[in-house]
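The values are calculated or read from the model by the stated rules, or taken from the named source; none is laboratory data. Fair warning: this is a prediction, and the values are worked out from it, not measured in the lab. FYI the Cβ positions are ideal-geometry reconstructions off the backbone, even for glycines, and counts take in every protein chain you see. Accessible surface is based on the protein model in full, side chains and every heavy atom, while ligands, DNA and RNA are left aside. Shrake-Rupley method; radii C 1.70, N 1.55, O 1.52, S 1.80 Å.
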Amino acid sequence: MKKTLRFTALSAVLIMIFMACEKTNNQGGNKINNEPRERTIIYTVGNSEARQTLATEGEWDVLVDVLCDQARGGKKVTFYNMSQTTYLQNHGLQGSKAAITFSTTNREEMKAWMKKMEKEGRTVVVSYDNGTWNGMAYATAPPTSTSSTIVGTWHFTCSVVNHIGPNGTLTGSDLYVPEDGGGSMYYTFYDDGTITLSITGMDGTTATETSTWTLSTDGKLSSDLLPNGTCWDVNWITDNTLIMSRADLGTEEGDIVYQLQFDRK
């Protein structure tokens with residue numbers, strides 16, 4: 001219950017800040033970018049986690065400003081675009097997996113860098129210290145973060161399968177939610193390297209499978225119990241939420257990007 005209250009409180013506070021910033025930006029006739037571009041941003045401010053669905057580029061601009069304000073106020077800010085939209089075409093497909101760092105004393109430069117990293121499908125960490133903005137962006141969470149957080153039981157909420165066309169655009173998506181069929185799936189990771197999958201069917205019957213899980217030095221999490229392939233990039237992991245992705249390139253159906261989402265039990 002405490003985690004849920006913190007989540008709700010943070011959402012309410014940032015929505016009020018968001019609305020205040022929007023009004024300020026409208027003053028003086030500043031043009032707001034209303035280009036449609038839906039995205040769902042999951043983020044943490046300090047130790048609190050929330051997520052927000054945005055409809056336009058202008059709304060994203062405002063949220064970036066809000067997150068910068070929070071960082072300047074002494075909070076560490078982390079965010080990730082968990083939506084599978086057209087310009088996330090490079091997510092998991094191209095580019096270096098190595099973490100990218102950036103520092104500047106210019107707020108506008110920092111905002112531009114944050115937006116660039118978001119377009120590359122990376123998780124972005126922002127802090128502010130003595131007049132300098134510091135950022136780190138990664139495609140796969142550092143192994144130390146994953147190994148220290150993943151042990152425990154996770155509710156498998158959904159799987160998203162995204163089909164990428166020859167020109168790099170999203171041509172279609174398939175969503176699988178276990179609860180839609182009346183069932184449920186839970187994964188339990190143990191610190192001895194074992195993993196248990198517990199499945200409850202529509203008729204209430206249960207089944208359990210046990211195997212192993214490993215975490216490579218470059219942050220890939222692997223287990224033969226995970227759906228749609230063995231090895232996954234951990235894009236986001238907190239005490240509340242786990243998001244992983246992987247890609248199959250050059251299949252008969254084109255390039256396919258998979259995403260798994262979990263909530264802590």
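What to note about this one:
- Qualifying residues in the stretch 139-172 (those that are without any contact (Cβ under 8 Å) to a residue 40 or more places away in the chain and outside any helix (DSSP H, G or I)) - the one nearest to the chain's Cα centre (by Cα): Gly172
- Residue within the stretch 232-241 that is open to solvent by 40 Å² or more (accessible area, probe 1.4 Å) and assigned to a loop (DSSP other than H, G, I, E, B) present: yes
- For Thr40, the test of being modelled with pLDDT under 95, closer than 20 Å to Asp233 by Cα and in a strand (DSSP E or B) is passed.
- Only residues that are of a type outside the set (Ser, Thr, Tyr) and open to solvent by 40 Å² or more (accessible area, probe 1.4 Å) were counted across the stretch 172-201, and they come to 8.
- Listed by first and then second residue, the pairs linking a residue in the stretch 200-223 that is more than 25 Å from Val234 (Cα to Cα) and β-branched (Val, Ile, Thr) to a residue that is open to solvent by 90 Å² or more (accessible area, probe 1.4 Å) and part of a loop (DSSP other than H, G, I, E, B), with Cβ atoms under 6 Å apart and 6 or more places separating them unless they lie on different chains, form an empty list.
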